[in-house]
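Please read the structure below before turning to the comments.
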Amino acid sequence: MLIHSCVLLFGFTPIMGRLITLDTLPLVWWRMLIAALALLLLPITWRGIRKLSPRLFLACCGAGIVLAITWILFYLSVKLTNASVAAVCLGTAPLFVAISGPVVLRRPLKKSDLLLAAAVIPGIMLVVGGIPSGMYLGFGVGLLSAVTLVAFSGINKLLASRANPLSTTCLEMGAGALFIALILALLPDSASAFTLPEGSNLLLLIIFGVFLTALPVALTLMSLRYISVFAQQMAVNLEPVYAVLLAIPILGEQQQLDPLFYVGVVLIVGTVMAEPITRWLGRKVR
């Protein structure tokens, strides 16, 4: 139940990427900075950070950098396409889990994993066929964000049982914000990126950083103590469903997309959701 509450909150994040008018790097920087500052207000966060070993501290910071890269790619995809297309790209993450898992763990590739990969490909092709050609680059960037999301989820699983979720999340957000700040500092006209936004952008960023970032990321890390990375990713696959449905009344994105896109979404989400159900039924039969 906890992970599904997080997924519902995450479903709003692609929408925020369209509503907030900042460029990708400042958008992600403010999101991570606000989230880190919000968590630093809690005494339990400080206590947890002080208890961390140097190795765990660095691991949390490393995870934060991976997450920053993931979000940069994801929100660049949102800007290049729209909220619906970018969210669907993240929904392909279990495909990369299925393919990369055997390589990382040095075990044989299962037939079920190959079937999952094969079944998702037609859905991806339908999605590509249902979007304008000008969105192809953004779609590719979105798939890259799914790859890095898998890496972040794996690292987070290792951290889940070793540190306080609030402390871990705070360090991840802080390290990610510092990483992006260093990138911004090297870019021309970097001063404008660090200027405090005004009006609706500022209000949306506060909501984004606190209620749609710090809260769900911490709760997700907490839930990882009790579920596998794969089970977590399956639950997160509902995020594209929420995002696509929310984008219709809020952003009117259905006008930009062909019906083939929505057929592809159903196929992708249906495939990745069917896989854990099949595994569960198999264990029941045995």
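A few notes on this one:
- For the pair residue 195 and residue 55, the difference between a 0.36 nm per residue extended length and the Cα-Cα distance amounts to 47.0 nm.
- Debye intensity ratio in log₁₀ form over the Cα atoms of the stretch 1-143, taken at each q of 0.09, 0.11, 0.19, 0.21 Å⁻¹: -0.39, -0.57, -1.25, -1.32
- Of 17, 199, 174, the one that fluctuates the most in a GNM where the chain has Cα springs shorter than 10 Å: 199
- Element breakdown for the chain at a 1.4 angstrom probe: carbon and sulfur atoms account for 73% of the accessible area.
- Each Lys and Arg Cβ is given +1 and each Asp and Glu Cβ -1; about its Cα centre, the chain then shows a dipole of about 1460 debye.
- Chain lengthening between residue 5 and residue 183 when straightened (0.36 nm per residue, less Cα-Cα): 60.8 nm
- Gain upon complete extension [residue 121, residue 162; 0.36 nm per residue less C-alpha separation]: 11.1 nm
- Reachable aspartates and glutamates, given that their alpha-carbon falls under 14 Å from the alpha-carbon of residue 111 and they are not under 8 places away in the same chain: 275
- Residue (of 59, 136, 88) at the positive-pole extreme of the stretch 27-159, dipole from beta-carbon charges: 59
- Over all pairs of different C-alpha atoms, the chain has a mean inverse distance whose reciprocal, the Kirkwood radius, equals 19.3 Å.
- The chain - mean residue ellipticity at 222 nm from DSSP helices (-39,500 (n - 2.57) per run, n ≥ 4, rounded to 500): -26000 deg cm²/dmol
- Gaussian network model of the chain, Cα within-10 Å springs - most flexible of 266, 78, 217: 266
- Candidates 21, 195, 271, ranked by Gaussian network fluctuation over the chain, Cα under 10 Å, top entry: 195
- Of the DSSP H helices in the chain, those whose Cα atoms cover at least 30 Å axially and whose Kyte score averages -0.5 or more: 54-80, 136-160, 165-186, 259-285
The values are calculated or read from the model by the stated rules, or taken from the named source; none is laboratory data. Treat the numbers as computed from the prediction; the structure is a model and nothing was measured. Glycine also receives a Cβ, built like all others from the backbone with ideal geometry; neighbour counts cover every protein chain displayed. Ligands, DNA and RNA are excluded from the accessible area calculation, which covers all protein heavy atoms including side chains. Shrake-Rupley method; radii C 1.70, N 1.55, O 1.52, S 1.80 Å.
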